[in-house]
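The values are calculated or read from the model by the stated rules, or taken from the named source; none is laboratory data. The model shown is predicted, which means the values in this text are computed figures rather than measured ones. Cβ: placed from backbone, ideal geometry, glycine included. Neighbour counts: every protein chain shown. Surface accessibility is based on the protein's heavy atoms, side chains included, excluding ligands, DNA and RNA. Shrake-Rupley method; radii C 1.70, N 1.55, O 1.52, S 1.80 Å.
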Amino acid sequence: MFSARMPGLRPRPGADNTRSRAPQPSGRSPRPPRRRTRGSLSALAATGALTLAVSACAAAAQTGDTAATARGDVRAGASTPDGRTPRPGAHSAGDPLFTYLGNGGYDVASYYIRYDYRPGTTKMNSSVRITATAKQALSGFSLDSKVDRVDSVSVQGERAAFTVSGEKLVITPRHALREGESFRVDVSYRVDRADDTRSPSYPPTAHYLQAWLEKDDGFAVMGQPDRAHMFFPGNDHPSDKARFTFRVTTPKNLQAVASGTLRSRKTTGDRTTYTYTTRDPIPTHVAQVAVGRFTKVTARGPHGLPIRSYLATARYKAAKARVDDIPDQVAWVEKEIGRRYPFETYGVLGVPGDYDGVALESATLSTFSVEGLTRPAEEIVPTMIHELVHQYFGDAVSVRTWNDMWISEGHAEYYQLLYSVAKGYRKLDEVLKQRYEFEFDKRVESGPPARLKTAQDVLTGGNNGGLLMLAGLRQQVGDSVFKKIEQTFYDRYLGRSATTKDYIDVANRVSGRDLTSYIEGWLYGAQVPPMPGHPDWKRAAAPAS
């Protein structure tokens with residue numbers, strides 16, 4: 001994710017908003033004041049440094065919900081035919097920052113989500129079919145869910161008992177599920193796009209991002225970090241990736257857009273149904289679905305990669321020049337990382353007006369405010385590179401816990417900087433020095449990049465330190481070894497999730513050196529380590545009062 005003093009985007013907490021030109025959402029209550037610190041990100045932008053990806057994230061965690069009571073013919077302690085004792089799945093993935101988030105006992109393979117969009121109401125009848133595999137004998141299990149209403153639940157085609165507790169949908173099937181069994185869950189529900197519920201991990205005064213972004217002619221979604229279960233019940237944690245299908249019915253004068261590839265479009269009367277599917281598994285928080293009036297722009301990228309973008313029709317002509325750059329952007333990233341783009345298609349979605357002040361690495365279809373995409377190349381293309389790199393690190397290789405988010409944001413920041421340097425927009429050492437000076441304040445504010453103080457810092461705290469660690473690592477091991485580390489790590493965890501320890505292990509093995517203390521110092525240390533190659537860099541002096 002990216003946001004800062006970028007025209008067309010509303011800044012996040014701590015960002016200077018003097019240049020924000022995006023229209024603000026209307027009809028909502030004023031938000032709490034945003035945090036500012038002396039080491040704000042705008043200080044870097046003001047000195048010409050590459051703007052930071054800032055996001056308002058989660059803070060204090062919520063405890064997990066209580067386990068479901070055994071129902072029907074499933075009794076606590078009853079045995080399955082293979083002799084294993086069924087028990088409820090965990091109601092948390094065990095994330096240290098989002099303790100209430102995620103669920104245990106199963107692994108999701110796919111989501112099949114249906115929406116029936118009708119203008120004039122924010123309520124939308126919906127359903128989801130989840131295909132999963134039981135990782136233990138299950139007497140019951142839970143899903144993350146913050147939808148408006150749950151109407152019915154079935155497991156393996158049989159109606160199941162369910163309760164809603166907080167942001168959990170607790171399900172008790174009629175028959176216990178065996179360990180290793182593939183099963184399906186069907187949930188009929190309704191969403192309300194007017195719901196602007198903050199994350200349970202956010203403190204009452206924290207700024208937060210809207211999950212549903214309502215537009216005059218449709219909507220878009222923003223599920224990062226933990227709001228995707230406002231769109232569909234599921235296992236809303238980045239460690240459990242899945243394939244997605246979105247089947248959206250709209251008035252025929254509107255268009256549905258979603259992550260993946262358009263598989264079918266069928267019009268009956270005055271209604272059109274669009275079906276999109278992803279070829280590859282993706283994290284829940286980067287799934288995108290939108291409805292509106294869009295103009296489609298197609299092209300071919302390297303190796304024949306299909307490029308398709310959707311721009312709000314009213315600003316299509318002004319934004320098209322930036323979208324036409326995408327094939328060259330993909331080619332640059334492929335060459336720099338040394339690996340092909342990981343998904344079956346790419347492009348951007350430019351939504352009308354404001355996209356909550358951010359850009360999001362929604363898988364296969366990065367999302368922006370269309371106004372941001374009208375800006376000159378120097379101002380917007382580095383951000384487009386940032387979201388494109390997230391397709392590799394963050395989407396194709398997801399994080400195991402939210403404390404590992406530096407893997408996603410640090411890589412996006414680093415390659416964005418390399419692109420800006422390659423294009424002559426920035427000077428490498430000048431930016432790194434400014435980033436190094438900034439890290440002292442940032443670390444006090446948010447904690448070390450991989451041991452953040454609160455969930456609120458999850459999409460902010462790892463960006464700067466992650467970038468500096470990667471730049472210093474390259475300085476120590478050299479270009480060729482660094483690229484081999486990056487490629488080996490990416491290859492090993494493609495389609496999976498990874499931890500900080502996984503990255504350290506790969507770096508040690510590939511380099512033939514013990515880099516543990518260096519990497520851990522940057523990612524876990526309370527103090528900012530010396531910058532390799534620049535022992536003279538120090539904390540910036542405070543301005544005279």
By the scheme Lys and Arg +1, Asp and Glu -1, what is the net charge of all other residues having a beta-carbon under 12 Å from that of Val108?
+1
Set the Förster distance to 25 Å, then compute FRET efficiency between Arg265 and Asp216 from the Cβ-Cβ distance, nearest 0.05.
0.65
Can you bin the stretch 407-453 into rounded, prolate or oblate? Criterion: square roots of the alpha carbon gyration tensor eigenvalues sorted a ≥ b ≥ c, rounded for a/c under 1.5, prolate for a/b above b/c, oblate for the rest.
oblate
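Carbon-plus-sulfur fraction of the accessible area of the stretch 222-378, 1.4 Å probe, in percent?
46
For Leu494 and Glu181 in the same chain, what is the full-extension length gain: residue separation times 0.36 nm, less their Cα-Cα distance, in nm?
Gain on stretching Leu494 to Glu181: 110.2 nm.
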Please list the non-local residues whose amide H lies under 5 Å from the amide H of Phe393, H modeled 1.01 Å from N, same-chain partners needing a gap of 5 or more.
none
Does the stretch 196-314 come out rounded, prolate or oblate by the C-alpha gyration tensor, with a ≥ b ≥ c the root eigenvalues, rounded set by a/c under 1.5 and, if not, prolate when a/b is larger than b/c and oblate if not?
prolate
Full-extension gain in nm, Glu336 to Arg539, via 0.36 nm per residue minus C-alpha separation
70.0 nm
With all protein chains present, how much of the accessible area of the stretch 80-180 (probe radius 1.4 Å) comes from carbon and sulfur, to the nearest whole percent?
44
Surrounding net charge for Arg315, when Lys and Arg each add one and Asp and Glu each subtract one, Cβ distance under 12 Å:
+4
What does the accessible area per residue of the stretch 359-504 come to in Å², with a 1.4 Å probe and no ligands, DNA or RNA counted?
25
Relative contact order of the stretch 473-545 (C-alpha contacts under 8 Å, at least 6 apart) in percent is 28
Pull up the cross-link candidates among the aspartates and glutamates for Lys320, meaning alpha carbon to alpha carbon under 13 Å and not fewer than 8 places away within one chain.
Glu371
Any chance you could check the Cα centroid distance between the stretch 403-454 and the stretch 169-202 for me, in angstrom?
37
So what is the accessible area of the stretch 94-145 per residue, in Å², with the probe set to 1.4 Å?
32
Do the alpha carbons of any pairs in Lys317/Lys442; Lys423/Lys538; Lys241/Lys484; Lys241/Lys335; Lys423/Lys484 sit beyond 30 Å of each other, and which pairs?
Lys317/Lys442
